[in-house]
């Protein structure tokens, strides 16, 4: 029986170093595909298996080499909301730090729509090579899994967790002339005037929209919702008196609160925020167990090599420990997580618990969106 011919070592014919990685990888794949079509037809089973094994080994080696060298070109951090809001502000600060740590540009791209699901869905479907990742939050990766009848992705299986970024509560803000100065007064007035009130948000299904829906349900009111492209736009209309209240994130809320241009009536989490320590929580003001706290985290597509995940996580932790980055995040009202809460493993378990928590909350409130 004639010996099988020696397989060519395709690794010796890699694309030139100047060629972009994605183009080079495609050329390598095309070369393998042509060889497969040329050799396999009419060959024996043993030869077919040997050829398949060689191809698999080559692809594995190529993938390992790519992960080891990552990053070799600019990366994209997707913000699943319009520019000008809290997610955008946090992403641009973090991207600046990641650029310094990784030695490559990190471009911020705003892809808004569907409560943050459009931008997040893009990453869920992206090539898992580490060059695209998303700044997700409680709304995009926990709340929407039960609030929407048919979410665009499975947050637990379609992404690879990288690490928690910052913790950030929502505040109940009202226009300056709203006839209440605390949450108890707000509840009394809202129950009597719910047909005349309007609340704004950064868009249907976003965390501040869902936070207000949860608050309304806990109070026992139904109020008309006015969606905007960003939380900043909603705040501008509230300053102009066109809407009555919103559940706003700290970065856009703090400057207006400190300027006394709006009223801050409650912190919508179980604990007070270090940015406004004098502001009582909703729980302290009579809503037992109420918690609409927010968080932000980085996610890669599912299937991203572990080496890339670990590199990005280490860069994220180093970024958040850099004094100038910490100061900028704290200046816009963000609370930082302890380093032991910033690992991919911690985020994976944390996310599962958040999805379950919000599933219980939305079921109890009856909130459901199409």
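The values are calculated or read from the model by the stated rules, or taken from the named source; none is laboratory data. As the structure is a computational prediction, the values presented were derived from the model and not from experiment. Cβ sites come from the backbone with ideal geometry, for glycine too, and all protein chains shown count toward neighbours.
State whether one or more residues within the range 175-197 are within 21 Å of residue 85 (Cβ to Cβ), assigned to a helix (DSSP H, G or I) and in contact (Cβ under 8 Å) with a residue 24 or more places away in the chain. Looking through the range 175-197, none of the residues is within 21 Å of residue 85 (Cβ to Cβ), assigned to a helix (DSSP H, G or I) and in contact (Cβ under 8 Å) with a residue 24 or more places away in the chain. When 279, 336 are checked against the criterion of being farther than 30 Å from residue 102 by Cα and not assigned by TED's automatic domain parsing to the domain that holds residue 249, a single residue qualifies: 279. If the condition is being surrounded by fewer than 17 Cβ atoms within 10 Å (Cβ to Cβ) and either under 15 Å from the mean Cα position of the chain (by Cα) or without any contact (Cβ under 8 Å) to a residue 24 or more places away in the chain (or both), then the range 114-127 contributes 118, 125. Could you check, for the range 309-322, whether at least one of its residues is surrounded by fewer than 18 Cβ atoms within 10 Å (Cβ to Cβ) and assigned to a loop (DSSP other than H, G, I, E, B)? Yes, the range 309-322 contains at least one residue that is surrounded by fewer than 18 Cβ atoms within 10 Å (Cβ to Cβ) and assigned to a loop (DSSP other than H, G, I, E, B). Given the conditions (1) at pLDDT below 95; (2) buried (at least 18 other Cβ atoms within 10 Å of the Cβ), report the number of the one that residue 163 does not fulfil. Only one criterion in (1) at pLDDT below 95; (2) buried (at least 18 other Cβ atoms within 10 Å of the Cβ) is unmet by residue 163, namely (1).
One residue stands out among those in the range 327-342 that are within 18 Å of the chain's Cα centre (by Cα) and part of a helix (DSSP H, G or I): the one that is surrounded by the fewest Cβ atoms within 10 Å (Cβ to Cβ), which is 341.
Selection over the range 69-87 of residues that are under 16 Å from residue 333 (Cβ atoms) and either out of contact with any helix residue (DSSP H, G or I) (no Cβ under 9 Å at 6 or more places or on another chain) or surrounded by 22 or more Cβ atoms within 10 Å (Cβ to Cβ) (or both) gives a count of 3. The C-beta contact set for the range 129-146 (first residue closer than 18 Å to residue 90 by Cβ and in the same structural domain as residue 99 (by TED's automatic domain parsing), second residue at pLDDT below 95 and assigned to a strand (DSSP E or B), distance under 8 angstrom, 6+ apart or interchain) comprises 137/294; 137/295; 138/294; 138/295; 139/294. Being touching a strand residue (DSSP E or B) at 6+ places or on another chain (Cβ under 6 Å) and outside any helix (DSSP H, G or I) is a property that residue 271 lacks.
For residues in the range 235-268 being touching a helix residue (DSSP H, G or I) at 6+ places or on another chain (Cβ under 8 Å) and assigned to a helix (DSSP H, G or I), which is farthest from residue 138 (Cα to Cα)? Looking at the filtered set, the residue picked out is 239.
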